[in-house]
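A short worksheet on the structure shown next.
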Amino acid sequence: EPEVTQTPSHQVTQMGQEVILRCVPISNHLYFYWYRQILGQKVEFLVSFYNNEISEKSEIFDDQFSVERPDGSNFTLKIRSTKLEDSAMYFCASKTNSGRTGEQYFGPGTRLTVT
Amino acid sequence: GQQVMQIPQYQHVQEGEDFTTYCNSSTTLSNIQWYKQRPGGHPVFLIQLVKSGEVKKQKRLTFQFGEAKKNSSLHITATQTTDVGTYFCAGYPGGGNKLTFGTGTQLKVEL
């Protein structure tokens, strides 16, 4: 069964450093998402992406964050200057259809630790 | 902002007991989705409910969407250790396209 993959599984970085989290969505999916989950808390929407553009973003997704689909398969989340509070699990997700219906398929996540 | 709350936050049950988690939104939802997250894992889609008052069953799991489309519940009959995890409801409050997750209910099942 197709699945979303993410690399790395764990990233440790120093405060102020840039990180890039990578995702490979399911190949025939057109809508891509990033979510964040601070340890023990709920899953929080960061950004949605379609047709090489950001569709929606949350208040969390400020100027320090950016997303890109550099080629036909990868979908990346960049944090320019990491802060301690960016430490969290970051999940990529994708789905086939637009709108507010349909299952989102989540990747296994990247645990980001900012020291 | 739009809130999706769940109660209880935690639930410990003995294997074989029933379990229910309740989800409440501050605004009307076009649909409600339920996800399960195993410890150390990622959210996995369980089901989507769209119609007011809709009830769906998956084996021992029963999902309900309220008449006003602002609340939902998940009921598990005769829990098993494989049911352990955190159950999240999720929806699109306020007419936007941001999938908003509930606060989650963590279920622990003891033998």
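A few comments on the model shown:
- Among the strands (runs of 3 or more DSSP E) confined to region A:37-84, the ones with at least 2 residues that are under 20 Å from A:T115 (Cα atoms) and either touching a Gly at 6+ places or on another chain (Cβ under 6 Å) or at pLDDT 95 or above (or both) are located at A:75-79.
- Residues of region B:16-45 that are surrounded by fewer than 13 Cβ atoms within 10 Å (Cβ to Cβ) and either free of Cβ contacts under 8 Å to residues at least 40 places away in the same chain or in contact with a Leu (Cβ under 7 Å, 6 or more places away or on another chain) (or both): B:G40 alone.
- Among residues of region A:49-98, those that are within 12 Å of chain B (Cβ to nearest Cβ), surrounded by 11 or more Cβ atoms within 10 Å (Cβ to Cβ) and of a type in the set (D, E), counted: 1
- Residues within region A:8-20 that are surrounded by fewer than 14 Cβ atoms within 10 Å (Cβ to Cβ) and either among the hydroxyl-bearing types (S, T, Y) or without any contact (Cβ under 8 Å) to a residue 12 or more places away in the chain (or both), tallied: 1
- Annotation note: of B:T100, B:T86, B:T79, the sole residue that is within 13 Å of chain A (Cβ to nearest Cβ), more than 18 Å from A:G99 (Cβ to Cβ), crowded, with 18+ Cβ neighbours inside 10 Å and β-branched (V, I, T) is B:T86.
The values are calculated or read from the model by the stated rules, or taken from the named source; none is laboratory data. In this text the structure is predicted, and so the values were computed from the model without any measurement. Neighbour counts run over all protein chains shown; Cβ positions are idealised from the backbone, glycine included.
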